[in-house]
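Working notes for the structure below.
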Amino acid sequence: MLKLYNTFSKNVENFDPISKDGFVRIYSCGMTVQDTPHIGHIRALITVDILRRVLKLSEYSLFSVYNFTDIDDKLITKMGESHIDYRIISQRNIDEFFEVFNNLNILPFDVYPRATGHIEEIIELISKLLEKGFAYKSGDDIYFSVSKFKEYGKLSGKRLDDLIEGKRVEVNQNKENPLDFVLWKGARDNEPYWYSPFGKGRPGWHIECSAMSMKYLGESFDIHAGGKDLIFPHHENEIAQSECATGKPFAKYWIHNGMVNLKGEKMSKSLGNVFKAKELLKLYGPNVLRFFLYKTHYRKDIEFSKERVEEAKTAFKRLVPYISENFEEDNIEVDIYKDFKNALEDDLNTPEALGIIFETVNMINKKEKEENLLKNTLCRMYKDLGFIFVKKEKDDLTEQLVEVLLKIRESMKKEKNYQMADLIREELKKRKIVINDLKDGVTWKIED
């Protein structure tokens, strides 16, 4: 039975999708594309990727959406700073996103909507909120009236009175309440705009996600995912405007991943402490980055440093000699795989799943069970976690030459010519080929 932590209930719950036919609808809050993807985006992607992989393992069918926010204040600021059209900026960064996305072996989403492609749906949603009295026009802008939604704060656990009391905002004479948020911004000089029944302008950030998610997943859907920094105000505002417009529950489960911190400090573009995704992939590759992130439970914040990634790289290398794309997927050690699957179905417990993988490696080394069965199981678990099968570091010619030298060395040992046998070992070691003499034979591997 799949269990997931639901931010809404603050509990781990048995997963029970809205549809009883095993069909699950998922919305993942995607990038705001004023800049290129970084390690924080990788973590959010890996989280929703393992979520969907585990849902598939649990035999659910999926329809998943990943959006791009390609018009908002940040993008317009970037346009002003760079003097480059916002459409060019967003397309460049979306192109780089997909390059990173494909390198990471993320399961494809069914739809990748952009906010600018859904202005009609956004206008329709704002019109509903105006008609029902949950929104108001002030000047050239339209705001959502937070006080009209009595359940505001039910996701984040924040109380409306406390928020108002503690709210530090610039004086905005247009707002009836300091917590009210903008649905539509009237056109400003040198900014992009669209025509609407309530005047020229552009959408606010929060309304974009509500319009896109409901277009593709319906007014109520199963899972809304994103980083925990989006819980308030973004996801809280999505719930408010969506449920006021439809009168129905919005998302049933809210899945939020932890932040990526640097020395206890949240990663931030303004602080200049951002690690770009493309650069990290060049340095470490997709498998090591995925492994590094899996070592920490998705709900916990993770401390990022190159030293920690290097440690993950060293640990991951232990798996490489046992992994081959050519394995018998159904010929596995059932009990080990069951434990592995149970770990993943327990709120995506990847640290425990990795522990089972390394226990299996130890069992192979100790020859506790039939080796091929264990290797098949290991490869199956490796595949289920989304790791990429890569070509072995030792090519066919290298392997043949080493095997010949090992046979010569074995002959030397039988002839008690230990000096020559040791010389072969040392010469191979100089070339980073390490020999391991065992009771029942010799193994070797190439080290970095």
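The values are calculated or read from the model by the stated rules, or taken from the named source; none is laboratory data. In this text the structure is predicted, and so the values were computed from the model without any measurement. Cβ sites come from the backbone with ideal geometry, for glycine too, and all protein chains shown count toward neighbours. Keep in mind that these areas ignore ligands, DNA and RNA; they rest on the heavy atoms of the full protein, side chains included. Shrake-Rupley method; radii C 1.70, N 1.55, O 1.52, S 1.80 Å.
Per the Debye formula on identical point scatterers at the alpha carbon atoms of the stretch 74-186, with no solvent, log10 I(q)/I(0) at q = 0.11 Å⁻¹ is -0.59.
Near ASP301, the amide H atoms lying under 5 Å from its own belong to MET259; only residues 5 or more places off or on other chains count, and H is placed 1.01 Å from N. Each listed q (0.15, 0.19, 0.23, 0.29 Å⁻¹) maps to a log10 I(q)/I(0) for the stretch 396-446, found by the Debye formula over equal Cα scatterers with no solvent: -0.36, -0.59, -0.87, -1.28. Distances over 21 Å make up what percent of all Cα-Cα pairs in the stretch 323-391? Roughly 18 percent, rounded to a whole number.
Nearest 5 is fine: what % of DSSP beta bridges in the chain come out antiparallel, could you say?
55
The mean of 1/r over all pairs of different alpha-carbon atoms in the stretch 114-168, once inverted, gives a Kirkwood hydrodynamic radius of 13.2 Å. Can you tell me what percent of all Cα-Cα pairs in the stretch 312-448 are more than 18 Å apart? When every Cα pair of the stretch 312-448 is considered, 62 percent fall beyond 18 Å.
Scanning residues 5 or more positions from GLU333 or on other chains, those with amide H under 5 Å from its amide H are THR377, with H placed 1.01 Å from N in the peptide plane. Considering only GluC sites (Glu not before Pro) in DSSP loops that have at most 16 other Cβ atoms within 10 Å, the longest stretch of the chain without any of them is 220-324.
Summarised as an ellipsoid, the chain has semi-axes of 52, 24, 18 Å, derived from the eigenvalues of the Cα gyration tensor scaled by 5 and square-rooted, with the largest first.
The H on the amide N of HIS38, modeled in the peptide plane, is under 5 Å from the matching H of ALA277, each at least 5 residues off or on a different chain.
Simple spin-label estimate for ASN365 and ARG87 gives 5.8 nm between the two label positions (7 Å along the Cα-to-Cβ direction from each Cα). The long axis of helix 39-57 is offset from the longest Cα principal axis of the chain by roughly 80 degrees. Once both axes come from the Cα atoms, what is the angle between helix 371-384 and the longest principal axis of the chain, in degrees from 0 to 90, rounded to 10? Between helix and principal axis, roughly 20 degrees.
Here the alpha carbons of the stretch 3-260 define both size measures, Rg and Dmax, at 18.2, 53 Å.
Summing +1 for each Lys or Arg and -1 for each Asp or Glu among the other residues whose beta-carbon sits under 10 angstrom from that of ILE207 gives -3. Against the criterion of solvent-accessible heavy-atom surface with a 1.4 angstrom probe, PHE291, PHE358 sort, most first, into PHE358, PHE291. Here the dipole of the chain is about 800 debye; that uses its Cα centre as origin and unit charges on the Cβ of Lys and Arg (positive) and Asp and Glu (negative).
Under a Gaussian network description of the chain, with springs only between Cα atoms under 10 Å, the residue in TYR298, TYR322, TYR337 that fluctuates furthest is TYR322. Using equal-weight Cα scatterers in the Debye expression, the normalised intensity of the stretch 204-307 in log10 at q = 0.16, 0.17 Å⁻¹ is -0.84, -0.90. Measure nothing fancy, just the Cα-based angle from helix 277-294's long axis to the longest principal axis of the chain, in degrees from 0 to 90, nearest 10. Tilt of helix 277-294: around 80 degrees. GNM on the chain, alpha-carbon springs under 10 angstrom: the most fluctuating residue among VAL24, VAL146, VAL334 is VAL334. The GNM of the chain, with springs linking C-alpha atoms under 10 angstrom apart, assigns the highest mean-square fluctuation among LEU378, LEU289, LEU438 to LEU438.
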